[in-house]
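**Q** Have a look at the structure that comes next, please.
What follows draws every value from the coordinates through simple rules; no lab data is involved. As the structure is a computational prediction, the values presented were derived from the model and not from experiment. Here the Cβ is made from the backbone with ideal geometry for all residues, glycine too, and neighbour counts use every protein chain on show.
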Amino acid sequence: MIDFYEANADKRDHFEIVAFHDGTAKTFEELDAKLVDITKTAWGGRDLPFPVLLDATGETIKTFGIQAFPTLALIDPEGNVVRGGSLELLEEKLSELD
């Protein structure tokens, strides 16, 4: 995701990536502590360049039906979840802008 986000910086006015974090972190300080290891191992020492939503109550995760992490959900400009949405579909739609 980080690589995709950075590689498509010139098209950032057409999409956004938002990371959802489960209710185990109630503050950004707690989140930072939880992400130390994954930042080093999975993200090559890079911080996430996109916004992170803390869902302390779990309501947003429940609303979107998120059952596992990581999960990708595409949301159209009207706010509807795109069924079958994927990074490949987003990439295809962004390539149509060229």
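**Q** Taking region 1-95, how many lysine pairs are there with alpha carbons less than 24 Å apart, if each pair must be eight or more places apart or span two chains?
**A** Value for region 1-95: 5.
**Q** Ignoring everything except DSSP H segments at least 4 long, calculate the 222 nm mean residue ellipticity for the chain; use -39,500 (n - 2.57) per segment, divide by total residues, nearest 500.
**A** When only DSSP H runs of four or more count, the value is -10000 deg cm²/dmol.
**Q** Out of Glu30, Glu16, Glu78, any idea which swings most in a Gaussian network model of the chain, alpha carbons joined below 10 Å?
**A** Residue with maximal mean-square fluctuation among Glu30, Glu16, Glu78: Glu78.
**Q** Taking only C-alpha pairs under 8 Å that are 6+ residues apart, what is the relative contact order of the chain in percent?
**A** 27 percent
**Q** Moving on. Pop the C-beta distance of Glu96 and Thr71 into the FRET formula with R0 = 25 Å and round what comes out to the nearest 0.05.
**A** 0.50
**Q** Taking 30 Å as R0, compute the FRET efficiency from the Cβ-Cβ separation of Ala33 and Ala7 and round it to 0.05.
**A** Details: r = 29 Å, r/R0 = 0.97.
My answer for the efficiency is 0.55.
**Q** With the cut-off at 24 Å, report for the chain the share of all Cα pairs above it, as a whole percent.
**A** 28 percent
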